[in-house]
1. For a quick check of your reading of the model, give me the residue pairs whose first member lies in region 35-51 and is at positive phi, whose second is surrounded by 13 or more Cβ atoms within 10 Å (Cβ to Cβ) and outside any loop (DSSP other than H, G, I, E, B), with beta-carbon atoms closer than 9 Å and at least 6 apart or on different chains.
2. Residue 25 is checked against (1) touching a helix residue (DSSP H, G or I) at 6+ places or on another chain (Cβ under 9 Å); (2) modelled with pLDDT of 90 or more and fails just one. What number does that condition carry?
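The values are calculated or read from the model by the stated rules, or taken from the named source; none is laboratory data. Because the structure is predicted, anything quoted here is derived from the model rather than measured. As a convention, Cβ positions derive from the backbone with ideal geometry for all residues, glycine included, and neighbour counts pool all protein chains shown.
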């Protein structure tokens, strides 16, 4: 279910409401079969444990605008995928 991309550029530039740009580290990306949407989970560079998530249009040639997650169902899906990813990362086989 998780499609952790192994490309070299693992940075996501986010522009806030005031037009300020900030770079984040991409933790993982995946597409949910349940919602049909693509998601990105990202965090501030470094050892930060706080993660952020958004959906995006993977077919958008400009990289796609991030869309806030608004439903509990989507948050549950993201949390499940992230927990699975973190377990696999801690216990590689």
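1. Filtered contacts from region 35-51: 46/25.
2. The failed condition is (1).
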